[in-house]
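A.B. asks: Please see the structure below; I have some questions.
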Amino acid sequence: MTPQEELFSKFYNQEKILIKDMDTVQLREHREQLSTIAFEAKARLVASDDESRERKAKNGNKDWTLSPTEADVNVTDAINAVKIRSARMSKMDKLKQQLLTAGIEEALANEMVANLERKATDQSAKTITFKPAKGPKPIVISISQPAEPAEPFNPANLKFGG
């Protein structure tokens, strides 16, 4: 057992010996007293934690001046997420530029890029249709979705040994 488990066991056994001869009314009163003690202890712990936090703030302990830690990895991930998003956005800008150089009007190119961005997360989309303001027929782009397995894996269907 861990030291904390041993301490719990010690308190538990002492309490069982103390309350074994109490009647129901005494047991309720005893429980109320213990509840009040636990509530008081919780309030005192919170006050101590607040005081400790306030003292740490007054001392000017600057965690950001310390050597790199595990928390720095999260900051790096956040920075990388911005870089990934900006790369993705620049791909959309590149696509828009390609549409413009292909002779498509800017309004239609903006609409196409916006629709592509919106439809990129729509799993049910099979095709995207763009209707130009000028021109006889709409532009249709088909989207291929990855095939989903016919049935999810069910371990109960496994057969072992015969």
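The values are calculated or read from the model by the stated rules, or taken from the named source; none is laboratory data. Given the structure is predicted, the values throughout are model-derived calculations rather than measurements. Using ideal geometry, Cβ is built from the backbone for each residue, glycine included, and neighbour counts are taken over all protein chains shown.
A.B. asks: Within the group Glu105, Glu117, which residue is out of contact with any Pro (no Cβ under 8 Å at 6 or more places or on another chain) and modelled with pLDDT of 65 or more? If you could, list the steps in order and put the result at the bottom.
C.D. replies: Values: Glu105 fails: out of contact with any Pro (no Cβ under 8 Å at 6 or more places or on another chain).
Selected residue: Glu117, the only one of Glu105, Glu117 that is out of contact with any Pro (no Cβ under 8 Å at 6 or more places or on another chain) and modelled with pLDDT of 65 or more.
A.B. asks: Here is a follow-up. Could you give every pair whose Cβ atoms fall below 9 Å, whose first residue belongs to region 33-56 and is closer than 28 Å to Leu18 by Cβ, and whose second residue is surrounded by 10 or more Cβ atoms within 10 Å (Cβ to Cβ), counting only separations of at least 6 or pairs across chains?
C.D. replies: Note: pairs meeting the criteria are Leu34/Glu15.
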